[in-house]
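Peer 1: I'd like to ask some things about the structure below.
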There are 2 protein chains.
Amino acid sequence: MKNTFNPWEVKGDIDYTKLVRDFGVSELKTLPDLFNKEILFRRKIVFAHRDLQRILDSIKNKKKFVMMTGLMPTGKFHLGHAVVAKQFLIYQKLGAKIYIAVADIEAYNARGQSLEESRKIALEEYITNYIALGLSPKNVEIYFQSDRSKDAKKSNAYYSLQNILARHGTFSEFKAVYGDINPGKMISSLLQASDMLHPQLPEFENFCPVVVPVGIDQDPHLRLARDLSKRIPIKFTQLSSTYHLMLPGLKGAKSKMSSSDPNSFIALTDNKKQVKNKINKYAFSGGQDTLEKHKKLGGNPDIDVSFQYLRMLLEEDDNKLKEIENSYRSGKLTTGELKKYTIDKLNTFLEKHQKEREKAKKKIKDFVHK
Amino acid sequence: MKNTFNPWEVKGDIDYTKLVRDFGVSELKTLPDLFNKEILFRRKIVFAHRDLQRILDSIKNKKKFVMMTGLMPTGKFHLGHAVVAKQFLIYQKLGAKIYIAVADIEAYNARGQSLEESRKIALEEYITNYIALGLSPKNVEIYFQSDRSKDAKKSNAYYSLQNILARHGTFSEFKAVYGDINPGKMISSLLQASDMLHPQLPEFENFCPVVVPVGIDQDPHLRLARDLSKRIPIKFTQLSSTYHLMLPGLKGAKSKMSSSDPNSFIALTDNKKQVKNKINKYAFSGGQDTLEKHKKLGGNPDIDVSFQYLRMLLEEDDNKLKEIENSYRSGKLTTGELKKYTIDKLNTFLEKHQKEREKAKKKIKDFVHK
């Protein structure tokens, strides 16, 4: 078996020495039980980290720490977003203070979306779904980049940090991290660095560990924030981060769920008919062309989108997952059967989730000021 | 007589067509009496403008308008700063709401000066002197770029405007305006654009005319803010601005007062001995090498720093000024006599001012929050 690593796939034995060399991230070693109850950690979907030890120490010693995440309020909330949400629910249970930034400034600067539209999407899609998935209002700060706080001291500190971070970066550095840049992207990346660092300011939680769980494709943002934080004359605990694989889009195991193409994702508001249709019609299959060939040669779960959804999100039972994998690989389980199983799992999850969503709508005011 | 125009000098008949072509600014035409009571306007030290008519209309119709200015809190407050201060005192009398931005973020990004140091200098030097010069606490907002307001709604609006302005500029535009740029300068120039534009946001004064009085060397900042304001989907009244000549530094009629060289300026805290020494020793003279030559050929007041201080700031009496000019040009008035007259004028002004400064120190709390 070939060793493979890309944002969607870790196959074979991972060469962590290479990963450290190429990406600067480290292997995710033995984690406390509470992490491993969550399949994302147990199955190494979250597979690497930087400086996570100080978060584990904080958990062990019951010391304050922050989990920080951001959301880009565009399009529908889909299964890919749930991969992040499930992680911050764990950190909340583990005692973290949760910071969630709605990147409405970035949506304006990078995509021209109005702040009003961003607010609407953030509340109706993202935050409603977070609450439905189990986010508790305890120890949570959800804020908009354009509207940091109703406490002026906090707002002034947050935006000033963005401004003074600028002195400590160079254009070539921004270019190296982002490829092509423009003033809007550059200022947004500085605001994102402030998003990650400002929880440690005295106006917020003060000097303390902060963990940022991201998809491996988001690592350049972490690197920039880490580098800037070392140069600024304010003392920060270096940021911790974890890296997860990307949940594949429907059209193939190496495609993304893209908000601009509804047939690339399952939204958490999709109905049963939509789910059935999308999985049957679009979900890329690892099966053979004909049933006869499939029975003889077997399917490939590694590239099968339905199987990956089971593995990364839907099938909690490790034994059941192993059974499905073996059965599919051997050819005993057909693509039709695998898809049907996935559709049922998805619809069971979504039916429950959508009921929770209705309740969640009434709770939004407990999470967001104004 | 040759026609001359540069930041320190308007000589001969000004070719305003050329000025409009080269700088995009217009002749300052007939002004209301209240302006002309002030020698800066009467003597065309403030010599050009953009879109001032809507400010004159606001004054005439008693409509709301804003006068916005910024200060870079580095070094001592000197005579050059008084040229700006005297203008905003007039606007205050004319009914303007006064906005004064302390550019502490810019001082950090451009010069590495800490926010604490900037705060100290701003309060002890600039704001104390403004109050001593006659600034009234009525209708004034003095704020720090790093600490916009104690009202979070205002702070959030001010910094968000900075952030979303970024989408509407290009790197080449920033470069064209500033020459060499870096991320710190770029973000500071966006904050400066927000300084000029944010008084018109609904959280502040709402849509209304704003005038920014600046030295002609500061026009690139105005141009950038004007251009950005036209592109952003928020409706702004186009900024008005006026342009004044630079008060020359001691060492010559085309040198600047530089905070890093105490012998280039008269500070408003200088004592009588310092003033006498600086004028006698350093003030560039338009007189001849020898008294004999001077009596015969006469002096040149146009390049004489002492005379320029009288003209631009110290000698209120037009007849007296004309008499001095003629007498110096004819050779009757010697350099020594001109300097002595200037020293006396300066020390009379500073003696009174320094008494006012002592009173002003107790009033700072009426002007700045926290």
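Peer 1: For a quick check of understanding: with a 1.4 angstrom probe and all protein chains in place, what accessible area in square angstrom does B:Ser327 have, to the nearest ten?
Peer 2: Answer for B:Ser327: close to 30 Å² accessible.
Peer 1: Next question, about the same structure. So how far, in whole Å, is the C-alpha centre of segment A:266-282 from the one of segment A:62-127?
Peer 2: Computed from Cα coordinates, the inter-centre distance equals 24 Å.
Peer 1: Let me ask something additional. Checking the table A:Lys235/A:Lys365; B:Lys44/B:Lys272; A:Lys281/A:Lys363; A:Lys86/B:Lys235; B:Lys97/B:Lys361; A:Lys276/A:Lys363 against a 32 Å threshold on Cα-Cα, which pairs fail?
Peer 2: A:Lys235/A:Lys365; A:Lys281/A:Lys363; A:Lys86/B:Lys235
Peer 1: Over what distance in Å are the Cα centres of segment A:300-363 and segment B:134-207 separated?
Peer 2: Taking the Cα centre of each part, segment A:300-363 and segment B:134-207 sit 51 Å apart.
Peer 1: Something else: Determine the percent antiparallel among the DSSP beta bridges restricted to the protein assembly as shown, to the nearest 5.
Peer 2: Around 40 percent of the beta bridges assigned by DSSP in the protein assembly as shown are antiparallel ones.
Peer 1: First select every other residue whose beta carbon is under 15 angstrom from the beta carbon of A:Leu52; then total the charges, Lys and Arg +1, Asp and Glu -1.
Peer 2: Net local charge, A:Leu52 excluded: +2.
Peer 1: Over chain B, with a Gaussian network built from C-alpha contacts below 10 Å, which listed residue (B:Glu315, B:Glu38, B:Glu323) shows the highest mean-square fluctuation?
Peer 2: It is B:Glu323.
Peer 1: Using a 1.4 Å probe, what is the accessible area per residue for segment A:58-146, in Å²?
Peer 2: Heavy-atom accessible area per residue stands at 34 Å².
Peer 1: Anything losing 30 Å² or more of accessible area from the isolated chain to the full protein assembly: pick those residues out of segment B:149-170, probe 1.4 Å, ligands and DNA/RNA ignored.
Peer 2: B:Ala152, B:Asn156, B:Tyr159, B:Ser160, B:Asn163, B:Ile164, B:Ala166, B:Arg167
Peer 1: Counting only protein heavy atoms and using a 1.4 Å probe, what share of the accessible area of the protein assembly as shown belongs to carbon plus sulfur, as a whole percent?
Peer 2: Within the protein assembly as shown, the accessible surface is 50 percent carbon and sulfur.
Peer 1: Taking Cα atoms, how many degrees apart are the long axis of helix B:152-165 and the longest axis of chain B, rounded to 10 and kept between 0 and 90?
Peer 2: 80 degrees
Peer 1: Trypsin sites (Lys or Arg not before Pro) within segment A:15-105: which are DSSP loop residues with at most 11 other Cβ atoms inside 10 Å?
Peer 2: Answer by residue number: A:Lys29, A:Lys62.
Peer 1: What is the sum of charges around A:Ile232, taking Lys and Arg as +1, Asp and Glu as -1, for the other residues whose C-beta is under 13 Å from the C-beta of A:Ile232?
Peer 2: Residues near A:Ile232 contribute +4 overall.
Peer 1: How high is the relative contact order of chain B, given as a whole-number percent (alpha carbon pairs under 8 Å, six or more residues apart)?
Peer 2: Computed value for chain B: 19 percent relative contact order.
Peer 1: Shifting gears a bit: Evaluate the distance, in nm, between pseudo-label points positioned 7 Å from the Cα of B:Ser136 and of B:Glu116 along their respective Cα→Cβ axes.
Peer 2: My value for the distance between the label points is 3.8 nm.
Peer 1: Would you mind computing, in nm to one decimal, how far apart the modelled labels at A:Lys63 and B:Ser172 are, each placed 7 Å from Cα along Cα→Cβ?
Peer 2: Once both label points are built, they end up 5.2 nm from each other.
Peer 1: Give me the angle, in degrees from 0 to 90, between the Cα long axis of helix B:79-93 and the longest principal axis of the Cα atoms of chain B, rounded to the nearest 10.
Peer 2: 60 degrees
Peer 1: Also: May I ask you to derive the relative contact order of segment B:9-153, considering only C-alpha pairs under 8 Å and at least 6 residues apart, and to give it as an integer percent?
Peer 2: Across segment B:9-153, relative contact order equals 21 percent.
Peer 1: What is the local net charge at A:Gly298, summed over the other residues whose Cβ is closer than 14 Å to its Cβ (Lys, Arg +1; Asp, Glu -1)?
Peer 2: Net local charge, A:Gly298 excluded: -1.
Peer 1: Another question about this same structure. Using θ = phi - 60° and the Karplus curve 6.51 cos²θ - 1.76 cosθ + 1.60, what whole-Hz ³J(HN,Hα) does each residue of segment B:317-324 get, with Gly and Pro shown as x?
Peer 2: 7, 4, 5, 4, 4, 4, 4, 4
Peer 1: What gaps in nm, shortest first, separate A:Gly252 from its twins in the other copies when you place the label 7 Å past Cα toward the beta carbon?
Peer 2: 6.9
Peer 1: Need one number: buried accessible surface between chains A and B, 1.4 Å probe, both sides summed, DNA, RNA and ligands left out, in Å² to 100.
Peer 2: Buried surface at the A/B interface: approximately 2800 Å².
The values are calculated or read from the model by the stated rules, or taken from the named source; none is laboratory data. Keep in mind that what you see is a predicted model, and the values were worked out from it rather than measured. Note: ideal-geometry Cβ built from the backbone for every residue, glycine included; neighbour counts use all protein chains shown. Only protein heavy atoms, including side chains, enter the accessible area calculation; ligands, DNA and RNA are left aside. Shrake-Rupley method; radii C 1.70, N 1.55, O 1.52, S 1.80 Å.
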